[in-house]
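Here's the structure, in structure tokens; my notes come after.
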Ligand code: FUL
């Protein structure tokens, strides 16, 4: 296949409806809550006494209020972490709320959160750890049935689910054995009971890991990546290889997984966008000696996730009493305020700009944006119409100078669902130049923020 033709093919790999809906959520909360909250561990051992788990002041409506103040649009709770303790009324094990003093063994944190999310108008999702350090079945075939029974309870008993989160930590179980997970079987149950949910997994067909837990996105973030990363979806069709080769050496952590130079070795490109998961505090679980990250840190994370063609899954760890720490509540509020103020429609300079678009070639465009006077520009937010595929591979900003001269002062790579560029410049005539694209570029919106 000709290089140009293969580029066009890559630029036309389309997202599913579920992925488009997920992308538009942009930011949601992660909630790590388990016996670890009481023991100070990050990975529980599985032999914790269930009576430790007793969030006497639990109030999921207050969680939802704090989550909404940060502008987050959903919440994903650790229904079960690696220690195996279940935060719902499961029939599968006694290592659960049934053995906790909370509400005399009748408590159900999953239900309290799912109901609070519905009341507050945000979406609900759950994390269910395949690695289970408590289950006696772990390391045997029976474990996959046990896990599927847990999954089925969560998928059928708590209303709509927007995302199911599986990590791939796979250590020893109580019998010292490792488990071979039946991910195909797990995915099938999710499709059956929650057809509108996306699945997060290191190798997921829907949403993949960004490759680090520090809140950092890639400089060039392509949603279209080698199928070989998401190999559990279905076998690669033998007679359908755009370009033959193997990508077994490429993993989510690589910076270049979606670049053309990598994609030419893939047997099949797929649309599998990235999620940035990171914590408001250094740990995933609450530790009294830790503090929330600074507002500046959260701003950088926002620009590096939502602003780089990914969604942000921001962890907020509840305290042992079941409340968020007041410092966390305050930081979330400040962050939400910053996003709302900085990217407010009122500050969008495009509202009073005159724009012309010129097609320089099939894949190159020049947008000339003229304001009614010199403007200080802090950020430009670009969105592609990714329903058609992700296409732009390089772009630049230029500004008009004295006597018709033009200065090129900013160069970048991909756009995708959303790209936020920090400019810090002043001009009355900004030029947005698309220098490369995999197929005809479709820009859905341009917003320019400043004064
Ligand atoms: C990892 C887990 O091992 C951590 O404990 C945490 O849950 C993180 C989000 O995923 O794989």
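The values are calculated or read from the model by the stated rules, or taken from the named source; none is laboratory data. Computed from a predicted structure; not experimentally measured. Glycine gets a Cβ as well: all are built from the backbone with ideal geometry, and neighbour counts include every protein chain shown.
For every residue, the table says whether it meets (1) on the phi < 0 side of the Ramachandran plot; (2) crowded, with 22+ Cβ neighbours inside 10 Å; (3) in contact with a strand residue (DSSP E or B) (Cβ under 6 Å, 6 or more places away or on another chain); (4) free of Cβ contacts under 8 Å to residues at least 40 places away in the same chain.
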{"position": "115", "(1), (2), (3), (4)": "yes, no, no, no"}
{"position": "119", "(1), (2), (3), (4)": "yes, no, no, no"}
{"position": "139", "(1), (2), (3), (4)": "no, no, no, no"}
{"position": "145", "(1), (2), (3), (4)": "yes, no, no, yes"}
{"position": "148", "(1), (2), (3), (4)": "yes, no, no, no"}
{"position": "153", "(1), (2), (3), (4)": "yes, no, no, no"}
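Checking the structure you have, find out if any residue of the stretch 256-276 is assigned by TED's automatic domain parsing to the domain that holds residue 221 and farther than 30 Å from residue 11 by Cα. No: zero hits. Just checking, does the stretch 359-375 include any residue being within 24 Å of the chain's Cα centre (by Cα) and either crowded, with 23+ Cβ neighbours inside 10 Å or at pLDDT 95 or above (or both)? There is no residue in the stretch 359-375 that is within 24 Å of the chain's Cα centre (by Cα) and either crowded, with 23+ Cβ neighbours inside 10 Å or at pLDDT 95 or above (or both). Highlighted here are the helices (runs of 4 or more DSSP H) found entirely within the stretch 251-349 that include at least 2 residues which are away from the ligand (no atom under 16 Å from the Cβ) and buried (at least 21 other Cβ atoms within 10 Å of the Cβ): 295-304, 326-342. Can you work out which of the residues in the stretch 109-136 that are assigned to a loop (DSSP other than H, G, I, E, B) and under 26 Å from the mean Cα position of the chain (by Cα) is farthest from the ligand (Cβ to nearest atom)? If we take residues in the stretch 109-136 being assigned to a loop (DSSP other than H, G, I, E, B) and under 26 Å from the mean Cα position of the chain (by Cα), then 121 is farthest from the ligand (Cβ to nearest atom). A search for C-beta distances below 7 Å between a residue of the stretch 304-318 that is over 15 Å from residue 127 (Cβ atoms) and in contact (Cβ under 8 Å) with a residue 40 or more places away in the chain and any residue that is in a loop (DSSP other than H, G, I, E, B) and within 14 Å of the ligand (Cβ to nearest atom), counting only pairs 6+ apart in sequence or on different chains, returns 304/215; 305/215; 310/210.
Taking the criterion of being in the same structural domain as residue 126 (by TED's automatic domain parsing), touching a strand residue (DSSP E or B) at 6+ places or on another chain (Cβ under 7 Å) and either within 16 Å of the ligand (Cβ to nearest atom) or free of Cβ contacts under 8 Å to residues at least 12 places away in the same chain (or both), would at least one residue in the stretch 165-181 satisfy it? Yes, some residue in the stretch 165-181 is in the same structural domain as residue 126 (by TED's automatic domain parsing), touching a strand residue (DSSP E or B) at 6+ places or on another chain (Cβ under 7 Å) and either within 16 Å of the ligand (Cβ to nearest atom) or free of Cβ contacts under 8 Å to residues at least 12 places away in the same chain (or both). For the stretch 64-78, the criterion of being under 25 Å from residue 175 (Cα atoms), modelled with pLDDT of 95 or more and assigned by TED's automatic domain parsing to the domain that holds residue 165 is satisfied by at least one residue. You will find that of 411, 424, the residue that is at pLDDT below 95 and closer than 19 Å to residue 303 by Cα is 424 and no other.
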